[in-house]
Amino acid sequence: MTDRIDVRKTAKLYIGGAFPRSESGHSYEVTDAKGRFVANAALASRKDARDAVVAARGAFHGWSGRTAYNRGQILYRVAEMLEDRRPTFVAALTQAEGLTAARAAKVVDATVDRLVWYAGWADKITQVVGNANPVAGPFFNLSSPEPTGVVAVLAPQESSLLGLVSVIAPAIVTGNTVVVVTSHERPLPAVALSEVLATSDLPGGVVNILTGSAATIAPWLASHLDVNALDLTGIAGDHDLATELERSAADNLKRVRRAPAAEPDWSEDPGITPMTAFLETKTVWHPMGV
Amino acid sequence: MVSTSSTTGRGFEYAPAPESRAIVDIKPSYGLFIDGDFVDGHGSSFKTISPATEEVLAEVAEADDADVDAAVKAARKAQKAWARMPGSERAKYLYRIARIIQERSREIAVLESIDNGKPIKESRDVDVPIAAAHFFYYAGWADKLEYSGFGSTPLGVAGQVIPWNFPLLMLAWKIAPALACGNTVVLKPAETTPLTALLFAEICQQADLPPGVVNLITGAGGTGSALVSHPGIDKVAFTGSTDVGRIIAKAVAGTDKRVTLELGGKAANIVFDDAALDQAVEGIVNGIFFNQGHVCCAGSRLLVQENIFEDLLERLKRRMSTLRMGDPLDKNTDVGAINSGEQLMRIRELSEIGDAEGAERWEVACDLPTKGFWFPPTLFTGVSQAHRIAREEIFGPVLSVLTFRTPSEAVAKANNSPFGLSAGIWTEKGSRILQMASELRAGVVWANTFNKFDPTSPFGGYKESGYGREGGRHGLEAYLR
């Protein structure tokens, strides 16, 4: 009797809550940390990126209009679903990053904990960064943070799960929607994450995940006039590409979170700047009187 | 429209009530203020004129690359000691500056109106007192930065470029928070309005501000470009057009320079049928004709609920007819001179495009002065969202009027703009105000008021109106790391 032949999963994109292959029909070989073939991941194209922006824009009004409590609940649900699939992610990280099972388990734990941390921020960030302003006149005056809009996120190349979640969660918890370009060489944890997101009551289009090459896709996102902000964290150390993207982003004055010189240590406390980088401040005035 | 130089206007006649210009002492020529002293520039010079009369006021040095370099070096040299000084001591210098602005307030107001063309009642009651208030406000932060939420470490040297519409006030918005946080600055005032910045240099001297903490370099676009691209600055703060904002954003790409940009706008001022209409009319007039419409947050797109369109338009035209245009130094003047011939050309050009695209122009007949740059308060009806006068910033006293039927249509039209600086809402229904305020994509929303400014209140835009905030606790973020 022969061994059962296992059923392999096709690694797809995640756009607007659906799992399409690349419109281009292209894919690329993904190998494990030792260079062995693992899967053919979809190679996202310019058209995929544009479709993802349309999906993200479409989801923005509804997602940013949810109550902060509801967004917090949904992020917490993402954490629950990720915890539930712990073995899947431990295996994915072992494969992608060459970690030992024990080390991979710690990274998965940290990822779940990070999601829980950000879930809690949903209904607190406004209180921490907002202000009542004592203007010199009979006016009510209040400043509140609001999400910037559609954020194009270049996810870290090395930390394919903890780093990925550490750039997605701070953007969406405040009401932004995102188009994420994954790690080029390690896209499969992101594919697994997209399956978690799809089962977490997160509305389709809030997070769109493109596997492929940042160098190829990012210029289309940086120059896209319906993208409001750009997170270059994922191209840490690539000064030339970062400069080119920042210049393109200037065409419609995107907010840019610049690329660090080297990929950050994702185990550190992220602080609130990953959230505030993609927040606007709105100040509302109204006269007081009887 | 009542021209103060006319005897044929409607309504009350006013005798001329000019503010005396004897209080100001304009020198024939000015150098650059670098390292605490006025120095001759290496470059050429240019003339600054009164836009109301085209009279030449003074010759001003045009800083070249070497001058910019000298100013940046002076700022760098002064920065360490300035940052090391206890915040409580830095605060005292800022308090001194605030007090001197108050002490010399009338002189500054008259000079501002002469150089800029704005009515004395605005320079006297808005620009100068709010400029002083900014220094007071940020003075108090200097020894309290650790409570700001942004840390207490300054960035270093800030290169600041400001526009001509509120010359001293924009200077205050830039310099007060920068200094409070321990930065030193090199600031370039606008080419057409350098005089109050040069007076501010004297104020720094009177305050015994350490040399190099504030450096003021005059010049045009080339000087500004040399400043923002100078490798020795850590921060760029710019207020001006979106086009120049884009150029600056490209120029700093790939550097570690921090940037804040306060750019253009095309604010929707939305009037619902239940609004207090006379108050709304005052707000519309203030929204677009304040400072000749040379206001980035001007309410330049009026959105009127369709069922009150006729009524509101009639009230608005009647009110516009009582605006008094003329001598900026006359205390009864409501609308002064357009700041420059170049700006007047742009206002004329866009208005003619409005005509050509089929909108209907209305302006009150009035006698415009024969010298200087003047444009009567004007409105266009029959404007569609696609018209250029509904999309582009005119930066003059020109109002585009559109209509809407439902709140959601008003939101959609208001947000249909690449800009997002400000917006206005006029309605007596509180829940509608809050819903509209939350849906409008703009950094400042004025409900049942317009064009209000305060040092404690953050100001700045969404989308292509720029990024970063000036004013309030939020304004500190731009100058701390």
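Please treat every number below as a calculation from the coordinates, not as lab data. No experiment lies behind these values; they were computed from the predicted model shown. When we count neighbours, we look across all protein chains shown, and the Cβ atoms used for this are built from the backbone with ideal geometry, even at glycine.
Data for the structure
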{"read-out": "Reachable aspartates and glutamates from A:LYS9, criterion Cα separation under 17 angstrom, eight or more residues apart if same chain", "value": "A:GLU29, A:ASP32, A:GLU195"}
{"read-out": "Charge dipole magnitude, Cβ of K and R +1, D and E -1 - the protein assembly as shown, Cα centre, debye nearest 20", "value": "1340 debye"}
{"read-out": "Built amide H within the under 5 Å cut-off of B:SER45, gap 5+", "value": "B:GLU62"}
{"read-out": "Assigned charges on the beta-carbon of Lys, Arg, Asp, Glu; region A:23-103 dipole about Cα centre (debye)", "value": "220 debye"}
{"read-out": "Alpha-carbon gyration tensor eigenvalues x 5, square-rooted, for region B:1-131, Å", "value": "36, 22, 11"}
{"read-out": "Exposure proxy order (Cβ contacts within 10 Å, fewest to most) of B:MET85, B:MET320", "value": "B:MET85, B:MET320"}
{"read-out": "Rounded to whole Hz, the Karplus (6.51, -1.76, 1.60) HN-Hα couplings of region A:48-60, x for glycine and proline", "value": "4, 4, 5, 4, 5, 5, 4, 5, 5, 5, x, 8, 5"}
{"read-out": "Acute angle (nearest 10 degrees) that the helix A:68-84 long axis makes with the longest principal axis of chain A, alpha-carbon atoms", "value": "20 degrees"}
{"read-out": "Computed [θ] at 222 nm, helices only, for chain A once each DSSP H run of length n ≥ 4 contributes -39500 (n - 2.57)", "value": "-13000 deg cm²/dmol"}
{"read-out": "Convex hull of Cα atoms in chain B, direction-averaged projection (nm²)", "value": "21.2 nm²"}
{"read-out": "Cα-Cα separations in region A:133-290 greater than 25 Å, expressed as whole percent", "value": "33 percent"}
{"read-out": "Percent of beta bridges antiparallel (DSSP, chain A, rounded to nearest 5)", "value": "55 percent"}
{"read-out": "Phi to ³J(HN,Hα) by Karplus 6.51 cos²θ - 1.76 cosθ + 1.60 over region B:144-159, Hz, x for Gly, Pro", "value": "10, 4, 5, 9, 7, x, 10, x, 9, 9, x, 7, x, 9, 9, x"}
{"read-out": "Within 10 Å of each Cβ in B:452-465, the average number of Cβ atoms from other chains", "value": "6"}
{"read-out": "Region A:1-146: C-alpha pair distances exceeding 28 Å, %", "value": "45 percent"}
{"read-out": "Long-range amide H partners of A:VAL38 with built H, under 5 Å", "value": "A:VAL30, A:THR31, A:ASP32"}
{"read-out": "Candidate lysines for bridging to A:LYS47, where Cα separation is under 19 Å - those fewer than 8 sequence places away on the same chain excluded", "value": "A:LYS12"}
{"read-out": "Relative contact order computed over chain A (Cα-Cα under 8 Å; 6+ residues apart), in percent", "value": "24 percent"}
{"read-out": "Unsatisfied cross-links (Cα-Cα over 31 Å) in the set A:LYS106/B:LYS463; B:LYS188/B:LYS413; B:LYS188/B:LYS266; B:LYS257/B:LYS413; B:LYS77/B:LYS266", "value": "A:LYS106/B:LYS463; B:LYS188/B:LYS413; B:LYS257/B:LYS413; B:LYS77/B:LYS266"}
{"read-out": "Whole-angstrom gap from region B:25-99 to region A:145-166, using each part's C-alpha centre", "value": "43 Å"}
{"read-out": "Computed over region B:268-454, Cα set: Rg, Dmax in Å", "value": "15.7, 50"}
{"read-out": "Per-residue HN-Hα couplings for region A:98-108 [Karplus 6.51, -1.76, 1.60; θ = phi - 60°; Hz; x = Gly/Pro]", "value": "x, 7, 5, 4, 5, 5, 4, 4, 5, 5, 5"}
{"read-out": "Overall dimensions of the protein assembly as shown by Cα: Rg and Dmax, Å", "value": "27.9, 111"}
{"read-out": "Residues whose placed amide H lies under 5 Å from that of B:TYR30, excluding near-sequence neighbours", "value": "B:GLU59, B:VAL60, B:ALA61"}
